[in-house]
Amino acid sequence: MRRRARLRAAETAAAVLLLLVGAGCGSRLPESDFAHRSAPPASQRTEPVRVGILTSATSPVGGSAFTGPRDGARAYFDRLNARGGLDGRKVDVRTCDDGGSGVGNNECVHRLIDEDKVVALVATTALTYAGASRVSAAGVPDIGGQPIGAAYDTYPHLYGIYGSLAPRTGTPGWGGKVYGGTEVYRYFKREHGARTAAVVSYNQSASAAYASLVARGLKAEGYKVVTEQVDFALPNFRAAAADLKDQGADLVFDAIDTHGNAQLCRAMDEVGADVIAKVTNVQNWTSSVPEDYKDSPRCRNVLWATGSSRNAEDTADPAVREFRAATRGLKKHSQWQLEGWAAAMWFTDAARSCATDLTRACVDRFMSRGTPYTADGLLIPVGYERLAEPPRTRRTCLSVARWKDAEGWVAQGDMNATCFVVPQLPYQP
C-alpha cells in the first residue's frame, strides 16, 4: 500500500514555524452512538448539513498563509450545492478564524461543535491546534486537516490529509516520537544523480532544529551535506550562496521563511550558483512563484516541489480540471487549495455512505474503515492504521513538480509510480 511519509508533515510544521519567526487525552465514543437508529423524520432528511472549517486566517504568520485549504474546501461545497447538495441537502459551511492563537482555537472549537453542532470539521489549518483534544473527546471527525502540529498523530477521530500509522491514543506518535522517511532525498539521488546537498538555516532554534532533521535524512541517503547558517537579524545570503557554490552543491534545501528563500535565490543568481534543484515544500507550491522570485530568474527555474497530491496545474487530469474550473475566480492557485478540495470530497463521500442516518459516528466509521482513499486520484492513497510499533522502513510515493516560466509547475512522472522503500527516522514534534 502506498502511503505518505510523515517527514513532509514535519516540513509543513517547520515552514509554518519559520513564517512565524519571520513575522515576529483522546476518548472513545459511547456505545449508544454506534447503536442502530431508525431513519430520522423527513424534516431532518432535508435540513442543511453543517460542516465546520477552522482556519488561522488571521495570525502573526500573515493573512494568506493558511487560507488555501479553506478556499479549496469552500469551492468544492459551493459546486456541490449548485448541483443539488448532499442527496438533496445543502451543505451549510460554518467557518471560524482562530487568529492563530490557542485561546482563539479553543473558542472556534466550542463555537463550531457546541453551538453550530457541525457534523464534522473539514480542511482544518490551524497554527496552534489547542482544541484538538476537545474535538476528539466530542467524537467529531476532523477530515483532511493539514498536519502543522502533531495532533493528527495523537488523537482518535482526527484524520489528517496525509494519513497516519500511529496508535493515536493521546500521545504523539510512538512514545512521543513521530517517524518520517527519506523518499525526497532518495528521489533526487536516483533520478537526477545528486550527491551533494546544502541545507540553509537561520541561527534560530526552530530553524536550526529542522535543518538538523533534513541533514540527518540526507546523510542517511549517502549525501555529502553542506550546512549554511545565516544570522536571522542580519542574514548574509550572498556568503552562504558563494560557499554552497564553492562546495559544489547539487541540491539546496532550506529551513528559512518565504522572504528568506527569495533572498537566497537572488544571491544564488548573483554568485552564479548552478544547482540541479532548489527544493521547496507543498506549502510553497503555488502559482505566485513569478512574483515571489521575480529577482532571481535562474534560481526560479530550478525550483522543485514535492508532496502527496496531484499537481494543481495538471489539467490533463479530469479531477484537476474540475478543481480548476470551480476555482477560476481565485487570485492564485496552490496545492493547499487542491488538498482542501480533496478534504471536502472525502467528507462528502463519507456522508453519502450514511444514507439517511448522517451522524458524526457514521462519518467516523467511514473514515476509520481502513480503506485507502484517493479523492478521485487527487491524492496518493491515504490510509489510517494503528501500529503498536513504528515501521523501520516504508514504501512511500511522492508527487514531484518543477517550475518553468513558460509552463508553470510541470509534473515530473507519475506520483503513484514514483515510489521508494526508505528508512523511517524518528523526530520530536
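The values are calculated or read from the model by the stated rules, or taken from the named source; none is laboratory data. What you see is a predicted model, and the numbers here were worked out from it, not measured in a lab. Reconstructed Cβ throughout: ideal geometry from the backbone, glycine too, with neighbour counts over all protein chains shown. Ligands, DNA and RNA are excluded from the accessible area calculation, which covers all protein heavy atoms including side chains. Shrake-Rupley method; radii C 1.70, N 1.55, O 1.52, S 1.80 Å.
Worth a mention:
- Counted over the chain, the DSSP beta bridges are approximately 40% antiparallel.
- The residues of the chain expose on average 39 square angstrom of accessible surface per residue, using a 1.4 Å probe on protein heavy atoms.
- By the helix-only formula, in which each DSSP H run with n ≥ 4 contributes -39500 (n - 2.57) and the sum is divided by residues, the chain has a 222 nm mean residue ellipticity of -10000 deg cm²/dmol.
- Distance from the range 135-193 to the range 46-60 (C-alpha centre basis), Å: 22
- Inverting the pair-averaged 1/r between distinct Cα atoms of the chain gives 21.9 Å as its Kirkwood hydrodynamic radius.
- For the range 51-110, the Kirkwood hydrodynamic radius comes to 12.4 Å, computed from all pairs of different C-alpha atoms.
- Spin-label model distance (nm) - Arg386 vs His259, 7 Å beyond Cα toward Cβ: 4.5
- Cross-link pairs beyond the 21 Å C-alpha cut-off, checked among Lys224/Lys294; Lys117/Lys331; Lys219/Lys294; Lys189/Lys224: Lys224/Lys294; Lys117/Lys331; Lys219/Lys294
- Between the range 361-398 and the range 328-357, the alpha-carbon center distance in angstrom: 17
- Heavy-atom surface analysis with a 1.4 Å probe gives the chain a carbon and sulfur content of 48 percent of its accessible area.
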